[in-house]
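Below is one structure, written out as structure tokens; the observations come after it.
The values are calculated or read from the model by the stated rules, or taken from the named source; none is laboratory data. Nothing here was measured: the structure is a model prediction, and the numbers come from that model. A quick note on method: Cβ atoms are made from the backbone with ideal geometry, for glycine too, and the neighbour counts reach across all protein chains shown. All accessible areas refer to the heavy atoms of the entire protein, side chains included, with ligands and DNA or RNA removed. Shrake-Rupley method; radii C 1.70, N 1.55, O 1.52, S 1.80 Å.
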Amino acid sequence: MSPSFIALLAKDGIALDVTDKYGQGLVQTQKTNWAPRVGLAYQISPKLVVRGGFGFFYNSFENQGYGPNVGENYPFVYNFSYAAQTSGTTPGLQAVSPISFNTPWAGCPTAGPGGTATIGAGLSCVQFSPTAVNAQGLGLQGLQFAYLTPRTLAVNTTVQYSITRALSAQIAYVFTQSTNLQQGVGNNNVTAILPSGTNTTSSSTVGGVPFPDFASNGSFQSTIGVSDYNGLQTKLEQQFSNGLSLLFAYTYSKTLSDAGDLLNGGSLSGLRAPAVPGLGPMFDWGPANFDIRNVVHFSGGYDLPFGTNKKFLGSAGKVTNAVVGGWSVNWIVTLQGGQPITLTCPTGTTAGTNCRDVRVAGQSQKLGLHTDSNGKLNWFGNPAAFQQPCPLGIAPTPGCIAATGSAVLGFRPGTTVGPGFHRFDFSAFKAMTLSERFTLQFRSEFFNIFNHPNFNAPNFGGNGVVAISNSGNFTSTNFGEIGSTRDAPYDPRQIQFALKLLF
């Protein structure tokens, strides 16, 4: 290992333990998970049934590409970066910009003229060895050693009533509570709320980072996250009868969590004060990335009552029946509200901890799609509905809200919500009987038939999407501007036709 790494470990009070006493793995996992489940159903009357149940379920661990993986740490993996080294006092070196000038590899056997190695000549002089690493500011990542399997408690109560032989209504209350969720809490973070501009790596700073010679806020995954889901789920369902089948569902729900969505991202920011005693992850308990309060789903199919043996034109001839008979339509309608958005403070209020905007009392956010003064599509109609706490230790920002204690870090997650999602898919089928054995079906399908765009939230970036600059900054004229649509990538209307032979 690098001598500087060993020296900095000792300087920061970090013990280096080379051992196999914990087994072959780098983490310990549970092996005795118990998942009891109970369900019951009771028929109160021939038309009314009550169901309920609860159970424990265990989830898998989330993967984030190469991390979390402690095998990515030094000395297993390390990076070197090289820049041209020049000296105006050494003749000739200014022109060739050698990377080995004034380094241990100056004058190596494969160096170029003057005993120097350049980028153009390659890196044959350089020894790629962990012993050559300068550990100052080295970033380390880790996992909770006694890793806990994420667990969910699910409880539901359902009442179902048969309105007719084919039509039924159902209402249910569903509650789930998940614990031991994987959470990226980071490491080497400050342990106090410090004034803006404080040197967090100074040994004299009380509440600064505990290991000042190493990088802060590296990847550290811990199974300490929690989430709750409460949902009122209703359903009206028509089984196929008289040519009609339909399903109407409405859900009103609320999902709260202190653990982010590690894989799919969203428009919520990270933890504000993960290592500050009394705050930590629970300080950021609020709407989850995937919290959607209202969801409406309406789907179904209908055989049109025209043609032979139908209610209308039942005695039609072959030619008439060939035109009007055998038609059916299908549809899927999805309407859902927006997901939560967190807006971060334009000016940092502290050192080493994060800040989020607050909602201004009495000010409507005036959410809705409109064209702003820049001629761009915008979601926030009233920037005055947002403000930030006044910074600690520096001059107040215009209009900032005076705050003390943890309030200086601003609002919890979910400052506001983004645009909703609306989509209508439609299809029409025509069945043509060729014989007792063969039927030809013509299919016409219209996806997003109204060509309705669904937009990402302002300031949303990632997954190949670039956010509009300052669209999350309430002091900017770009505030609230939307730079992209959802789906892949624009979800335009799509129409397709097909012939299907059934036999």
Any chance THR201 is open to solvent by 40 Å² or more (accessible area, probe 1.4 Å), of a type in the set (Ser, Thr, Tyr) and in a loop (DSSP other than H, G, I, E, B): yes
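May I ask you to list the residues in the stretch 361-373 that are touching a residue at least 40 places away in the same chain (Cβ under 8 Å) and among the hydrophobic types (A, V, I, L, M, F, W, C)? Let's see the steps before the verdict.
Of the stretch 361-373, the ones touching a residue at least 40 places away in the same chain (Cβ under 8 Å) are 365, 367, 369, 372-373.
Across the stretch 361-373, the qualifying residues are LEU367, LEU369.
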The residue that is farthest from GLN182 (Cα to Cα), considering only those in the stretch 228-256 that are at pLDDT 95 or above and small (Gly, Ala, Ser), is SER245
Filtering the stretch 12-37 down to residues that are farther than 30 Å from LEU138 by Cβ, touching a strand residue (DSSP E or B) at 6+ places or on another chain (Cβ under 6 Å) and open to solvent by 80 Å² or more (accessible area, probe 1.4 Å) yields ARG37
In the stretch 469-503, anything of a type in the set (Phe, Trp, Tyr), more than 11 Å from PRO458 (Cβ to Cβ) and in contact (Cβ under 8 Å) with a residue 60 or more places away in the chain is listed as PHE503
Restricting the stretch 408-434 to residues that are crowded, with 18+ Cβ neighbours inside 10 Å and of a type in the set (Ser, Thr, Tyr), the one nearest to VAL329 (Cα to Cα) turns out to be THR416
Cβ pairs under 6 Å, 6+ apart or interchain, first in the stretch 393-413 and farther than 13 Å from VAL358 by Cα, second β-branched (Val, Ile, Thr) and surrounded by 15 or more Cβ atoms within 10 Å (Cβ to Cβ), ordered by first then second residue, are THR397/THR347
Looking for something of a type in the set (A, V, I, L, M), more than 20 Å from ASN470 (Cβ to Cβ) and surrounded by 15 or more Cβ atoms within 10 Å (Cβ to Cβ) - is there at least one such residue anywhere in the stretch 378-389? no
A careful count of residues in the stretch 333-377 that are among the charged types (D, E, K, R), open to solvent by 30 Å² or more (accessible area, probe 1.4 Å) and not in a strand (DSSP E or B) gives 2
Matching residues in the stretch 130-183 (under 30 Å from GLN221 (Cα atoms), part of a strand (DSSP E or B) and either touching a Pro at 6+ places or on another chain (Cβ under 8 Å) or not charged (D, E, K, R) (or both)) number 18
Regarding the stretch 244-253, can at least one residue be identified that is part of a loop (DSSP other than H, G, I, E, B) and touching a residue at least 24 places away in the same chain (Cβ under 8 Å)?
no
Exercise. Before we move on, is ASP228 part of a strand (DSSP E or B) and of a type in the set (Asp, Glu)?
Worked result: yes
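Can you tell me which residues in the stretch 214-233 are hydroxyl-bearing (Ser, Thr, Tyr) and either open to solvent by less than 40 Å² (accessible area, probe 1.4 Å) or over 30 Å from THR334 (Cα atoms) (or both)? If you could, list the steps in order and put the result at the bottom.
Here is the first cut: in the stretch 214-233, the residues hydroxyl-bearing (Ser, Thr, Tyr) are 216, 219, 222-223, 227, 229.
SER216, SER219, SER222, THR223, SER227 - these are the residues of the stretch 214-233 that are hydroxyl-bearing (Ser, Thr, Tyr) and either open to solvent by less than 40 Å² (accessible area, probe 1.4 Å) or over 30 Å from THR334 (Cα atoms) (or both).
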Across the stretch 219-258, the tally of residues that are within 15 Å of GLY184 (Cβ to Cβ) and not polar (S, T, N, Q) stands at 5
Picked from the stretch 435-445 (must be open to solvent by 50 Å² or more (accessible area, probe 1.4 Å) and touching a residue at least 12 places away in the same chain (Cβ under 8 Å)), the residue farthest from GLY326 (Cα to Cα) is ARG437
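Counting only residues that are open to solvent by 40 Å² or more (accessible area, probe 1.4 Å) and at pLDDT 95 or above, how many does the stretch 479-494 have? Give the steps one after another, and end with the answer.
Residues of the stretch 479-494 that are open to solvent by 40 Å² or more (accessible area, probe 1.4 Å), as a first pass: 483, 486-490, 492-494.
After this cut, where a residue has to be at pLDDT 95 or above as well, the list is none.
Total meeting the criteria: 0.
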Restricted to the stretch 296-332 and to residues being of a type outside the set (Gly, Ala, Ser) and in contact with an Asp or Glu (Cβ under 9 Å, 6 or more places away or on another chain), the residue least open to solvent (accessible area, probe 1.4 Å) is VAL329
Considering the stretch 281-292, residues that are in contact (Cβ under 8 Å) with a residue 60 or more places away in the chain and not acidic (Asp, Glu), and then whichever is most open to solvent (accessible area, probe 1.4 Å), we arrive at TRP285
The condition from (1) at pLDDT below 70; (2) assigned to a helix (DSSP H, G or I); (3) touching a strand residue (DSSP E or B) at 6+ places or on another chain (Cβ under 9 Å) that GLU62 misses is numbered (2)
Only unsatisfied item for PHE211, checking (1) in contact with an Asp or Glu (Cβ under 7 Å, 6 or more places away or on another chain); (2) open to solvent by less than 40 Å² (accessible area, probe 1.4 Å), is (2)
Log entry, pairs with first residue in the stretch 255-267 being more than 17 Å from VAL226 (Cα to Cα) and assigned to a strand (DSSP E or B), second being of a type in the set (Asp, Glu) and at pLDDT 75 or above, beta carbons closer than 8 Å, six or more apart or on different chains, reads none
When the stretch 144-192 is checked residue by residue, the ones that are open to solvent by 20 Å² or more (accessible area, probe 1.4 Å), in contact with a Phe, Trp or Tyr (Cβ under 9 Å, 6 or more places away or on another chain) and among the aromatic types (Phe, Trp, Tyr) are PHE145, PHE175
